[in-house]
Amino acid sequence: MRLKDLEIFTVAPPAPGWGGRYWLFVKLTTDDGIAGYGECYASTVGPKAMAAVIEDVFCRHMAGTSPEEIELMFRRAFSSGFTQRPDPTVMGAFSGLEIACWDILGKARGRPVWALLGGLMNERLRSYTYLYPEPGKESAAFWVCPDMAAEAAARFVGMGFTAVKFDPAGPYTIRGGHDPSQSDITRSVAFCRAIREAVGDRADLLFGTHGQFNVAGAVRLAQAIEPYGPLWYEEPIPPDNLLDFAEVQKAVRIPVATGERFTTKAEFATVLRTGGARILQPALGRAGGIWEGKKIAVIAEAFTAQVAPHLYAGPVEWAANIHLGASIPNLLMVETIETGGAFHLKLVRNSIRWDDGYVIVPTEPGLGIDFDEDLARAHPYTGEQLHLEMQEAPCDYRRPNLFEGGAPRKD
């Protein structure tokens, strides 16, 4: 059994587009006709350029190789160009292709992927979602209004979620870490207070940031929201400052969570060694794939750290997260997009099941999903923007910063 053919699907979710402007899916087919699906969560270059990278990684490092040779193909890609260091673009391409290999292996053996990763530890996976407006009620006001966020939190808790995430703390800029404005701190406190009052002790609060603060600013903000007991404080400083995460964690009592933008075990190991995080959030379509995710979880276990796989992408990365989560003892929870989002579920013909706050681990072979290629082809992304983009304008200290979550589509 050898890897033979590659097909790439660049898919735009319909408005409002939660999960990013587009998703990059790959289909690998072996010389004996077994097909597997993966997803590349890499957004550093446009979709056409990324498709070229995916094709190059496949042809250069994987074509003609057995899908069993995961470690060998990883080392080829990781070492390409005399690098051997984390590269979000190349490893993002490899990650999606690697996920497809596991799908093939599970199908070839008639077993779910989790069975090939050490077996089943968790039959049901606790899940969380961002706070989103109700369908048809999207507005810019939602993202800066504590009362609307609290109403959404109560709605999601009513659906069964026991944890909700929100990120009211101001703009994500290309300028690196900044001090939060006082109005951003005030709004963040108001969000925490309103949501805590709405859900009581029925749900954990997950406070999201996206690497926008410097160390001092991250500490100031965390100390302001500590009274509301967030379960985690997500990516408070830019991800290139690996050693500085420890300075934040030492100064605050909220567990720091990070890893959405990390690539390979090397970066995760650094924050663990230095005490910079208590919760790791690998995005399997970027971090190196399922096997690299398993290694990250094993390293975390030795540091008594927990794993909460990240998801701001499509349903194939979601499926990969589920199989990793099913196989590890230190899983905290997995991210979903609402209950997966209507389009997410349609793309896999409702083959991922969610029940009362938990994702049900599939028992079907491979990833256990039924990918709808016709639906994927019917929603191509034709734009020029990246999956997610940061703003160039700096933080505004004279008036409240206005922003919208994710990359919502207007059409």
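The values are calculated or read from the model by the stated rules, or taken from the named source; none is laboratory data. This is a predicted model, so every value here is computed, not measured. Note: ideal-geometry Cβ built from the backbone for every residue, glycine included; neighbour counts use all protein chains shown. Calculation scope for accessible area: heavy atoms of the full protein, side chains included, ligands and nucleic acids excluded. Shrake-Rupley method; radii C 1.70, N 1.55, O 1.52, S 1.80 Å.
At a glance:
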| item | result |
| --- | --- |
| Every residue from the range 363-401 that is within 20 Å of Trp102 (Cβ to Cβ), over 20 Å from the mean Cα position of the chain (by Cα), in contact (Cβ under 8 Å) with a residue 60 or more places away in the chain and in a loop (DSSP other than H, G, I, E, B) | Thr363, Glu364, Pro365 |
| The listed residue being more than 12 Å from Leu97 (Cα to Cα), touching a helix residue (DSSP H, G or I) at 6+ places or on another chain (Cβ under 7 Å) and either in contact (Cβ under 8 Å) with a residue 12 or more places away in the chain or of a type in the set (Phe, Trp, Tyr) (or both), out of Met73, Met1, Met62 | Met1 |
| Whichever residue in the range 389-411 is surrounded by 13 or more Cβ atoms within 10 Å (Cβ to Cβ) and either at pLDDT 90 or above or among the hydroxyl-bearing types (Ser, Thr, Tyr) (or both) and, among such residues, is farthest from Gly325 (Cα to Cα) | Tyr397 |
| Sole exception among (1) open to solvent by 10 Å² or more (accessible area, probe 1.4 Å); (2) among the charged types (D, E, K, R); (3) not in a helix (DSSP H, G or I) for Lys107, by number | (3) |
| Matching residues, the range 273-298, being farther than 15 Å from Leu332 by Cα, open to solvent by 10 Å² or more (accessible area, probe 1.4 Å) and not in a loop (DSSP other than H, G, I, E, B) | Arg273, Arg286, Trp291, Lys295 |
| Count of the range 248-268 residues which are outside any loop (DSSP other than H, G, I, E, B) and buried (at least 19 other Cβ atoms within 10 Å of the Cβ) | 9 |
| Single residue of Ala257, Ala198 found to be among the hydrophobic types (A, V, I, L, M, F, W, C) and touching a strand residue (DSSP E or B) at 6+ places or on another chain (Cβ under 9 Å) | Ala257 |
| Qualifying positions in the range 18-52 - closer than 23 Å to Lys107 by Cα, crowded, with 24+ Cβ neighbours inside 10 Å and free of Cβ contacts under 8 Å to residues at least 60 places away in the same chain | none |
| Residue selected from the range 344-363 under the condition out of contact with any Gly (no Cβ under 8 Å at 6 or more places or on another chain) and either open to solvent by 70 Å² or more (accessible area, probe 1.4 Å) or small (Gly, Ala, Ser) (or both), by the criterion nearest to Leu24 (Cα to Cα) | Lys346 |
| Among the candidates Ser95, Ser80, residue that is closer than 27 Å to Phe268 by Cα, of a type in the set (Gly, Ala, Ser) and touching a strand residue (DSSP E or B) at 6+ places or on another chain (Cβ under 7 Å) | Ser95 |
| Checking Tyr128 against (1) out of contact with any strand residue (DSSP E or B) (no Cβ under 7 Å at 6 or more places or on another chain); (2) hydroxyl-bearing (Ser, Thr, Tyr); (3) open to solvent by less than 30 Å² (accessible area, probe 1.4 Å), the condition it does not meet | (1) |
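Here is a yes/no grid of residues against (1) surrounded by fewer than 19 Cβ atoms within 10 Å (Cβ to Cβ); (2) in a loop (DSSP other than H, G, I, E, B):
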| residue | (1), (2) |
| --- | --- |
| Ala154 | yes, no |
| Gly158 | yes, no |
| Val164 | no, no |
| Gly170 | no, yes |
| Gly176 | yes, yes |
| Ile185 | no, no |
| Cys192 | no, no |
| Ala198 | no, no |
| Arg202 | yes, yes |
